[in-house]
Amino acid sequence: MRKQKVLMTGVTGVLGSAIFAGLEDVYDVYYLVRDGIYNHKLFIEIEHNKVYNSDVTKEFCGLS
């Protein structure tokens, strides 16, 4: 069965990093992060093709 896609913000925070592993098991998760140094803030590795540098205060989260 194909996993449903989910977009997650806050993965570098306390709560987001705690639920990260559980979501990855169930969903195909993509992540919005504020800067390119997200792996330094986490004890886990995220596939680079699933991470988007963004700003949620900008239109379309700053994504094109």
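The values are calculated or read from the model by the stated rules, or taken from the named source; none is laboratory data. These numbers were taken from a predicted model, which means no experiment stands behind them. Quick reminder, even Gly has a Cβ in these numbers, built from the backbone with ideal geometry, and neighbours come from all protein chains shown. Ligands, DNA and RNA are excluded from the accessible area calculation, which covers all protein heavy atoms including side chains. Shrake-Rupley method; radii C 1.70, N 1.55, O 1.52, S 1.80 Å.
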(request) Report, ordered by the first and then the second residue, all pairs with beta carbons closer than 8 Å, sequence separation of six or more or different chains, a first member in segment 11-35 that is farther than 18 Å from residue 56 by Cβ and part of a loop (DSSP other than H, G, I, E, B), and a second member that is open to solvent by less than 60 Å² (accessible area, probe 1.4 Å) and of a type in the set (A, V, I, L, M, F, W, C). (result) 27/6
(message) For segment 1-10, give me the residue count where each residue is closer than 20 Å to residue 52 by Cβ, assigned to a loop (DSSP other than H, G, I, E, B) and of a type in the set (A, V, I, L, M, F, W, C).
(response) 0
